[in-house]
Amino acid sequence: MNYYETLGINKTATEEEIKKAYRAKALQYHPDKNQGNAAAEEMFKKINEAYSVLSDPVKRVQYDAGGTFSQQYQPYTQQNPFTYRNAAGSTDEDDRMFGTRYTWTFYETPPQEPESEPLSRKKGIGALITGLLYFWFGLLSFRALFGLFGLIIGIPLLVRGVRNLKLAFASFFKSS
């Protein structure tokens, strides 16, 4: 079905022209004006379908690229996370996923840092001193550098200080 022919417009029609053509055709074929006329009711459904595609810029581009939108666009509903059924065969009234298509992507968890063995006591003291220095410079940067610059400098220093302090305390309290 050619939606442009259904509404009686050309492919270069503006949104206003589409809306005017839809209103005129919908008024002409409305079921209240044509009671008992099955052909008019069918034409009214086609007009609504054509307007729903041509009035939406994304659907219109897809329709123009693929020719007939109904062949390219097939609504799916979710039955379970891994299988789908066609929406036309759906009888489940609680299914709220009509008109959407889902794809499932599984992401790998980022590699975790391997648990390192605790440092020797000598290296633990060095980690404690550097951890305290990083922590002190991080707090000082918050105090001395206001705003975003203080955050950009201070947060990485605090994080590095906490990591070094963690390593230092792990080396002091390791079970020997």
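Computed from the coordinates by the stated procedures, all read-outs in this text should not be read as laboratory data. These numbers were taken from a predicted model, which means no experiment stands behind them. In this analysis, Cβ positions are derived from the backbone assuming ideal geometry, glycine residues included, and neighbour counts consider all displayed protein chains.
Using alpha carbons only, how many angstrom separate the centre of the stretch 1-21 from the centre of the stretch 34-55? Cα centroid of the stretch 1-21 versus Cα centroid of the stretch 34-55: 14 Å apart.
Each Lys or Arg adds one and each Asp or Glu takes one away; over the other residues whose Cβ falls under 11 Å from the Cβ of residue 2, this sums to +1. Using Cα positions and a limit of under 22 Å, work out the lysines in reach of residue 46, with same-chain residues fewer than 8 apart set aside. Qualifying lysines at Cα under 22 Å: 11, 19, 20, 25, 33, 59. In a fully extended conformation the segment linking residue 162 and residue 14 would gain 47.1 nm over its present Cα-Cα distance, using 0.36 nm per residue.
Karplus-based coupling profile of the stretch 147-156, in residue order and whole Hz: x, 5, 5, x, 5, 5, 7, x, 5, x, with θ = phi - 60° in 6.51 cos²θ - 1.76 cosθ + 1.60 and x standing for Gly or Pro. Our coupling estimate for the stretch 46-53, obtained by passing each phi through the Karplus curve with A = 6.51, B = -1.76, C = 1.60 and θ = phi - 60°, is 5, 5, 5, 5, 4, 5, 5, 7 Hz, Gly and Pro reported as x. Within the same chain, lysines fewer than 8 places from residue 122 are excluded, and of the rest, those with a Cα less than 27 Å from its Cα are 166, 174.
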